[in-house]
1. Compute the helix-to-body angle for 206-216: its Cα long axis versus the longest principal axis of the chain, expressed 0 to 90° and rounded to tens.
2. Binning at 10 angstrom from zero up to the longest distance, how are the C-alpha pair distances of the chain distributed in percent?
3. Name all residues of the stretch 190-208 having a backbone nitrogen under 12 Å from the label point set 7 Å from the Cα of Lys151 along its Cα→Cβ direction, giving them as ranges.
4. So what is the 222 nm mean residue ellipticity for the chain from helices alone, if each DSSP H run of at least 4 adds -39500 (n - 2.57) and you divide by all residues, rounding to the nearest 500 deg cm²/dmol?
5. What are the trypsin sites (Lys or Arg not before Pro) within the stretch 1-109 that DSSP puts in a loop, where the Cβ has at most 13 other Cβ atoms within 10 Å?
6. Looking at this model, which pairs from Lys13/Lys46; Lys151/Lys217; Lys15/Lys214 are more than 23 angstrom apart at the alpha-carbon?
7. Relative to the compact globular guide of 2.2 N^0.38 Å, what is the alpha carbon radius of gyration of the stretch 53-155, as a ratio?
8. Over the stretch 4-62, what per residue volume does the convex hull of the Cα atoms give, in whole Å³?
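Computed from the coordinates by the stated procedures, all read-outs in this text should not be read as laboratory data. Computed from a predicted model, the values in this text were never measured in an experiment. Please note: Cβ atoms are built from the backbone with ideal geometry, for glycine as well, and neighbour counts cover all protein chains shown.
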Amino acid sequence: MKTISSEVSAYIKTKPFLSIALSQDIINLTSLARQIQPEIEKSLRKPAKSGAIVMALKRISDTQEFITTHRIVRVLKNMGDITVRSSLVDYCFKISETLLPAQANFLNQIETSKNVFFTTSRGVGECNIIVSQELSSTIESVFINEVCLEKTHDLSAISIKLPTENVTIPGIYYFIFQRLSWEGVNINEVISTSNEFTILMDEDSVNIAFQVIKDLKNL
C-alpha cells in the first residue's frame, strides 16, 4: 500500500543531491514539500497535504541512512590524490601451481623498470594482472605456459586515496560506484587496499569517471 511516507522516501532516493542536503539540514522542508507535492500526489493518485509531506521529510532526514550519507560526504571531501593511468592491458589467468612462480619471475624482470603500472588481484579460480601496455610482451613471455582466460586492451585506471577513517564507514564504495553508474561508466575491475582503491575501465570512459570522482570532493 502506497503511503505519503513511502512515496516521499522513494522520491528522495532518486535525488542524491537532495539526500545530501537533507542530511546536512540545509533545506527548508516546507518549501521542498510544496515543490514535490505534485509528484507525490501523482504517485499516490490522490491529494496529499503539504504538512504530511513535511513530516515525512523530517523523518527521512533523521534516519541513520541520511546520517551515514553525511559521514560519507565528509570523508569524500578529504579524498587524497586522484591518479589516472592509460594504455593498460588486463590479463586473466587460471590459477595453477606454476602461476605464483611465474609472477615472481615477472616481478624480478620489471624490478628496475620505471614509470610502468602493475597490479594484481587473486580470486579462488583466477588471477588478474594489469600492466602498462609496454609490458605486454614480457607478460606473454613469462606466462606462456599459463592458461589465459581473457585479455582486454585499451584500458585506463583511476587510483584514489581515501582518509584512514574510510574503513569504519559503510557505503563509501557504493556511494562512488552509484554515481559512476549514473554517468554510464562501466567498471571492468576494482582493486583495493585499506586506504586506496583503483578502478579499471575503457579508455573512452576515463574522462567522465575522473570528473565524477573529482566532483565528489565538492559535494
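1. Relative to the chain, helix 206-216 is tipped by roughly 50 degrees.
2. Final binned percentages: 7, 26, 24, 19, 12, 8, 3, 0.
3. Flagged as within label range: none.
4. Value at 222 nm, helices only: -14000 deg cm²/dmol.
5. Lys2, Arg45, Lys49
6. Lys151/Lys217
7. In units of the globular-protein estimate, the stretch 53-155 measures up at 1.68.
8. Taking the convex hull of the Cα positions in the stretch 4-62, it is 63 Å³ per residue.
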